[in-house]
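Beneath this line is the structure, given in structure tokens, with notes to follow.
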Amino acid sequence: MATKKKRPTLITPEGYARYPWVNTPDTKFNENGEYRIGVLVTKKEADAFKKQIQPLYDAAYEAEVMKADGDEVTKTKSFPIVENKDGDEGGWEIKAKLKAKVVSRDGTVHELKVGLFDSQGAPHPKDVLIAGGSRVRVAVKPKFWNVPAVGGFGMTLELDAVQVIDLKAFTPGERSAESFGFTSVEGGYVHGGETFDEQLDQPNAEKTEETEELLTGDF
């Protein structure tokens, strides 16, 4: 059996988090849950990130064309890097998501998690919610698919990990720091705890239906 090629991990530009569900999955529309986040960046940053993805996209598309053996392979209009028309910071948005559960062919259910780290690479506590407006970078894995029923060939950016540069924490029922008159402090968010390297031994399921691999925060 041929060895499945490992998908590359890409790091987004630093930007503002939009509607993040990274501590826990959103189960409103999917009972199995889904993690997701948008990263607001400038057009220049969005274009530069697209250039990193384009060779991978083109290669995956050509592979689908070869498998189609002469049949047309259309491309979907949807793309995970889009212009944000709501007037938010930067004007462009990089979208990433991850299923909270996947099932292997043998029926094994894998619970997936998003790696969370502070600005120095140390683990961020799961119980401190990362709110919209936090300054972040995101590790993603491009996932390509060809589903004629939804328009053909397309790409999803699979969410792997989030690095928090400047935290905007959210605690339901509590007032924000701004409401008490606090402002940001130069130097960025740093949280104490175990080091980033000490966390690399923790196992985490690979974001596929067949394999497992170690979680790495590749920042």
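The values are calculated or read from the model by the stated rules, or taken from the named source; none is laboratory data. Predicted model, so just to flag it, every value in this text is computed and none were measured. Heads up, the Cβs are rebuilt from the backbone with ideal geometry, glycines too, and the neighbour counts pull from every protein chain shown.
One table, with the values for the structure above:
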read-out: Answer residue from the stretch 83-138, given it is among the polar types (S, T, N, Q) and closer than 19 Å to residue 166 by Cβ and is farthest from the chain's Cα centre (by Cα) among those; value: 120
read-out: Residue match in the stretch 52-70 (condition: surrounded by 15 or more Cβ atoms within 10 Å (Cβ to Cβ) and closer than 30 Å to residue 166 by Cβ); value: yes
read-out: Count - residues of the stretch 69-85 that are more than 22 Å from residue 140 (Cβ to Cβ) and free of Cβ contacts under 8 Å to residues at least 24 places away in the same chain; value: 5
read-out: Any hit, the stretch 145-162, residues being among the acidic types (Asp, Glu) and in contact with a Leu (Cβ under 7 Å, 6 or more places away or on another chain); value: yes
read-out: Every residue from the stretch 126-141 that is of a type in the set (A, V, I, L, M, F, W, C) and farther than 26 Å from residue 53 by Cβ; value: 128, 129, 131
read-out: Single match in 44, 50 (criterion: in contact with a strand residue (DSSP E or B) (Cβ under 6 Å, 6 or more places away or on another chain), charged (D, E, K, R) and at pLDDT 95 or above); value: 50
read-out: Qualifying residue in the stretch 82-90 (condition: modelled with pLDDT of 95 or more, touching a strand residue (DSSP E or B) at 6+ places or on another chain (Cβ under 9 Å), among the small types (Gly, Ala, Ser) and farther than 15 Å from residue 153 by Cα); value: no
read-out: Index of the failed condition, residue 117 passing every other in (1) among the aromatic types (Phe, Trp, Tyr); (2) more than 22 Å from residue 14 (Cα to Cα); (3) at pLDDT 55 or above; value: (2)
